[in-house]
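Structure first, then comments.
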Amino acid sequence: MIKEIFDKIISLVAIIILSPLLLLISMAIKMNDFNGPVIYAQSRMGRGGTSFKIFKFRSMSVNAENILKSNTDLYSKYLSNNFKLLPEDDPRITKIGLFLRKTSLDELPQFFNILIGDMSLVGPRPVVPSELCKYDQEKILSVKPGAMGLWQAKGRSKIDYPRRAKIEEYYVDHACLRLDLKILVANIINIFKGNGAY
């Protein structure tokens, strides 16, 4: 209960304080690609196995999925690299998107996910359905996913499966407010340093 109240208060305050920045980023995305949406919504797995839409500032071209899946070599590389590509290998990322990812500003709309209750401020990162096979599904889906997690605190994209799954499952087994605060501080430090963000 304490955690949920904390999540609601922090997310609401963050949205209010950051509203000028949210507007500025929205304008920059539109100037870069007027025809595309500002927000990208993707289906992720939530607590109890329910699906929800995670919000991010759009950092890719509108037809990103087609670009990825129509290029056999690119898609194979994406799958073999734990569902991600290095920025220099990814033709889908826009110029403004590259900056947003490096600074983690693309994640700011997730405060709305936290406010409406889909996510928590701290918890395992929500995964797409195809990634669930990497985890103990019952365990990882037993808690609310978070905008900031232990995997991110320890290195984010520098850490691949299966170690990523072990880190996230460790959080589920040891979750407490003290650990949440440590993760929160470590993530904020990593964001400013740009550690593991792409």
Values of log10 I(q)/I(0), in the order q = 0.12, 0.22 Å⁻¹, for segment 87-198 under a Debye, Cα-only, solvent-free model:
-0.42, -1.37
Where segment 1-147 is the region considered: accessible area per residue in Å², 1.4 Å probe:
54 Å²
Summing -39500 (n - 2.57) over every DSSP H run of at least 4 residues in the chain and dividing by its residue count gives a helix-only mean residue ellipticity at 222 nm, to the nearest 500 deg cm²/dmol, of -15500 deg cm²/dmol
Positive-end residue of 98, 194, 85, charge dipole of the chain with Cβ unit charges:
194
Plugging the Cβ-Cβ distance of residue 88 and residue 130 into 1/(1 + (r/R0)^6) at R0 = 22 Å yields, to the nearest 0.05, a FRET efficiency of 0.35
Fraction of accessible area attributable to carbon and sulfur, the chain (%, probe 1.4 Å):
63 percent
What's the local net charge at residue 187, with K and R +1, D and E -1, over the other residues with C-beta under 12 Å away?
+3
Take each uninterrupted DSSP H stretch in the chain, measure its Cα extent along the helix axis, and return the ones at 27 Å or beyond whose mean Kyte-Doolittle hydropathy is at least -1.0.
2-32
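Using 0.36 nm per residue of separation minus the Cα-Cα distance, give me the extension gain between residue 80 and residue 192 in nm, one decimal.
Result: 37.4 nm gained on full extension.
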Taking a 23 Å limit on the Cα-Cα distance, which of the listed pairs 8/182; 77/102; 8/53; 84/158; 30/102; 53/158 fall beyond it?
53/158
Return, for the Cα atoms of the chain, the radius of gyration and Dmax in Å, separated by a comma.
16.5, 48
Given labels modelled 7 Å from the Cα in the Cβ direction, how far is it in nm from residue 181 to residue 38?
3.6 nm
So, relative contact order of segment 1-119 in percent, Cα under 8 Å, 6 or more apart, is 32 percent
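The values are calculated or read from the model by the stated rules, or taken from the named source; none is laboratory data. Note that the coordinates shown come from a computational prediction; the quantities given were computed from them, not determined experimentally. When we count neighbours, we look across all protein chains shown, and the Cβ atoms used for this are built from the backbone with ideal geometry, even at glycine. Quick note on the areas: whole protein, heavy atoms, side chains included, nothing else; ligands and nucleic acids left out. Shrake-Rupley method; radii C 1.70, N 1.55, O 1.52, S 1.80 Å.
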